[in-house]
Structure formats: structure tokens, C-alpha cells
Amino acid sequence: MPSLTKVILFTDSDGRAKFRQEAVLLDQGKPEAALSSLMPSGGFQLRQSPVGFRSTFHCTTDPQWVFILQGQMEISLQDGSARVFKPGEHFYSADVLPAGQTFDATVHGHWSRQVGPDPLVTLFVRG
């Protein structure tokens, strides 16, 4: 059965953001146009970030899909690892602050930045 890879940015049991992957089955539709099951959403936002944009460490407030429409987005984690997402790529951002904890910028979250010569344009779809 065909599938797509869902990259997930999540908060692990140690409170730190990490990446993992899982398959999204394309078990609906037709052989020439395979679809996933319908997923709920809570609205969407578009964002443009200028060349040179870089955030500070933060957690995702509400889990959401992030689709890169233009430019490149780098996501860096507390352990020093990073991934760059290019136009047409996406990930599911779900690294929320663990319940009952106070945000600590040395432990929690991730930071993001625009990479390359083009402004970053992203589509956020709330899950």
C-alpha cells in the first residue's frame, strides 16, 4: 500500500524536542490518485519570514502541520541537531511544553530560521 513519510517534531519523555518519522497510509482514492484518510484541521495561517529571520528557542503552542512553500526552513534542536526543509516538504510540529512544566530555553523546544537567498513562506495547518 502506498504511503507518505510524516516527519514529526515532538517532545520526548525527557522534555526535549526530537524528530521521528511515521508512515501515512494512502489507503483511500484510486490507484492513479491515492489519498490518505481525511484528517481534522483547525484552520490555517500563512507566514512570510524575511531573509535573516531566526527565532529563539520555543515550543509549539498547538500541534500543526508546517508546509514549506518558498525558501528553506531550518529547525534546530537542543542537542545541536538540525534539519532543513525545502519547498514542497513538510513536517508535523508537536513539540509542546510538557504539562506542569515551566518553559526552560536550555531544555525545551526548538528554534527555526530562514536559510538561503529567498524569503521563507510557510503554511501552518492546525491539527
**Fill in**
Taking the stretch 76-107 and the residues there that are farther than 15 Å from F19 by Cα and in contact with a Phe, Trp or Tyr (Cβ under 6 Å, 6 or more places away or on another chain), the one that is surrounded by the most Cβ atoms within 10 Å (Cβ to Cβ) would be L97
**Message:** Restricting to the stretch 17-75, name every residue that is within 16 Å of Y92 (Cβ to Cβ), among the polar types (S, T, N, Q) and loosely packed, with under 14 Cβ neighbours inside 10 Å.
**Reply:** Q21, S37, S41, Q45, T61
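On the given criteria, is T122 hydroxyl-bearing (S, T, Y) and either out of contact with any strand residue (DSSP E or B) (no Cβ under 8 Å at 6 or more places or on another chain) or in a loop (DSSP other than H, G, I, E, B) (or both)?
Working: hydroxyl-bearing (S, T, Y): yes; either out of contact with any strand residue (DSSP E or B) (no Cβ under 8 Å at 6 or more places or on another chain) or in a loop (DSSP other than H, G, I, E, B) (or both): no.
Criteria not met by T122.
Starting from residues that are in a strand (DSSP E or B) and touching a Ser or Thr at 6+ places or on another chain (Cβ under 7 Å), keep the ones in the stretch 14-32 and report whichever is farthest from T106 (Cα to Cα). Don't jump to the end; show me each part of the working.
To start, the set of residues in the stretch 14-32 that are in a strand (DSSP E or B) comprises 17-25, 28-30.
Remaining after also requiring touching a Ser or Thr at 6+ places or on another chain (Cβ under 7 Å): 17, 21, 23-25, 28.
Numbers: A17: 11, Q21: 25, A23: 31, V24: 32, L25: 36, Q28: 43 Å.
Per the criteria, the residue is Q28.
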**Prompt:** Which residues, counting only those in the stretch 71-89, are assigned to a strand (DSSP E or B) and of a type in the set (G, A, S)?
**Reply:** S76, A82
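All of the numbers you see were taken from the coordinates with simple rules; none came from a lab. Predicted, not measured: the structure shown is a model, and the values here were computed from it. All Cβ positions, even for glycine, are placed from backbone atoms using ideal geometry, and neighbour counts span all protein chains on display.
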